[in-house]
1. Of the listed peptides 187-198, 38-49, 263-274, 229-240, what is their order by residue-averaged count of other C-beta atoms within 10 Å, with the highest listed first?
2. In nm, give the distance between the simple-model label positions of Leu94 and Leu106, each being 7 Å from the Cα along the Cα-to-Cβ direction.
3. Take the Cβ-Cβ distance between Val360 and Asp11 as r, set R0 to 45 Å, and report the resulting FRET efficiency rounded to the nearest 0.05.
4. Mind listing the phi-derived Karplus ³J(HN,Hα) values for the range 72-81, rounded to whole Hz, using 6.51, -1.76 and 1.60 with θ = phi - 60°, and x for any glycine or proline?
5. Full extension from Val254 to His272: what is 0.36 nm times the residue separation minus their Cα-Cα distance, to one decimal in nm?
6. How would you order 137-150, 204-217 from highest to lowest mean count of nearby Cβ atoms within 10 Å?
7. For the residue pair Tyr220 and Val279, what label-to-label distance in nm results when each label sits 7 Å from Cα along the Cα-to-beta-carbon direction?
8. Please sort 81-93, 381-393, 313-325 by packing, taking for each peptide the average over its residues of neighbouring beta carbons within 10 angstrom, highest first.
Amino acid sequence: MTLEAVLAKIDENLPQATDRLLDLLRIPSISTDPAFVADCDRAADWLVQDLKTIGFDASKRPTQGHPMVMGHADGPGTHIMFYGHYDVQPVDPLELWHTPPFEPALEETDKGVVIRGRGSSDDKGQLMTFVEACRAWVQVHGALPIKVSIFFEGEEESGSPSLVPFMKENAKELSADIAVICDTGLFESAVPAITTQLRGMVTEEFSIKGAARDLHSGMYGGLAGNPIHVLSGIIAGLHDETGRITLDGFYDDVPELSDEMRSQWQNLAFDHASFLGDVGLSEPAGEQNRTPLEMIWSRPTCEVNGIWGGYIGDGFKTVLPAEAHAKLSFRLVGQQDPDKIHDSLVTYINARLPDDFTVVFSAHRGSSASQMSTDNPVFEKSRQALTDEWPRPGAYIGCGGSIPIAGFFKDILNMDAMLIGFGKDDDAIHSPNEKYDMESFHKGTRSWARILAALAK
């Protein structure tokens, strides 16, 4: 099977492929709002019918929430499971959109043509990029070069409540040689990338309680303990003067970056000054003697996400508050155990409580980090395929955030995942005026065709 004919067909199909994407984008499949239940169902039906037109054995699967879409196309050799999601974020605030969010259209910008509309980048445009590559293969050769299964979720933007039960109940059908996830993007909007590391997370909200009621600071100040002082000391002690986190055992399961990966990341020439400058900052924080990319991709963090207590209205109310509150989050890497980290946090806080003070914990959640082994040949074959399509060579990168589905594929199905996407940093996902560059759609489709060809070898 020749790749060149498939790439030519993708180029020829681009106007029709764009029309199909615009058609899907017109469906307001907002998963978190009950008013759009029928639209989520309609989007699932649309995808089932479209997959059937290119030879997939496709069906809509009911869940307790929005349906899943499954599709299978037989083929030789490697078997991939491609994951995307068809639900989208709400559009509020609507008044900030320059065009109606569910009336998608092509728009000429100073950086080229973009597809404007809710879901264009996250994630309908991304998943249709792959579907269009499959379509071109089938149109040219009558079949795909490898075995492909497709798994589209309808609740990713609302917490995926049905995802884990569905995966456990359908584990055999969902199993493949490797999972492929399309919910990522180009590095710095230019470098085609395979994300191989995702950080996990631990979150906790807690309250420090002191006196039985708020106290008059003139009568009690200097004698009575202040919960905000206690809370501030606890938070300040979570890091030492070098930026390291002080919890016992925190770094026990944190791996060092390999020399090969460090070299690749250095070659990306990440401009941290510009990255910080875009948000009005200039100096890197965090651990000393670590590169900026290490700190956001492969090192763990401890952050204060919220802190409050006492009187915060206009003017002054001179009280010693009875309570003070904080929200903390930890990004995890490597083999860090969320439960172990949480237990260490609880021990740390309790050990620093003065007499007369108590702590109440109220919102613990945790998930492990995901780290994929690039020893699997499909990674290097895919990276080379990306290099063949884009001006800059493909790279293995990390991701500072968390994409739970990657961990679920590993934990539930014992499958590694490749995360490959073509979004750009300015796509405004989750925000008004979301867009997906036509370049991303076109070259992304060609990239998937190349990857399918590479995995067939």
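1. So the peptides 187-198, 38-49, 263-274, 229-240, ranked by packing, come out 187-198, 38-49, 229-240, 263-274.
2. 2.9
3. Details: r = 61 Å, r/R0 = 1.36.
That pair, Val360 with Asp11, gives E of 0.15.
4. Taking θ as phi minus 60°, the curve returns 9, 10, 6, x, x, x, 4, 10, 10, 10 Hz for the range 72-81.
5. On the way: separation 18, 0.36 × 18 = 6.48 nm, distance 2.33 nm.
Stretched out fully, the Val254 to His272 stretch lengthens by 4.2 nm.
6. On the way: 137-150: 19.4, 204-217: 17.3.
In decreasing order of mean packing, 137-150, 204-217 become 137-150, 204-217.
7. With each label placed 7 Å out from Cα toward Cβ, I get 3.8 nm.
8. Values: 81-93: 22.4, 381-393: 18.3, 313-325: 14.6.
The densest-packed peptide leads the list: 81-93, 381-393, 313-325.
Quick note: the coordinates plus some simple rules give every number you see, no bench work behind them. Computed from a prediction, not measured in an experiment: that's the story for all the values here. Cβ atoms come from the backbone with ideal geometry, glycine included; neighbour counts cover every protein chain shown.
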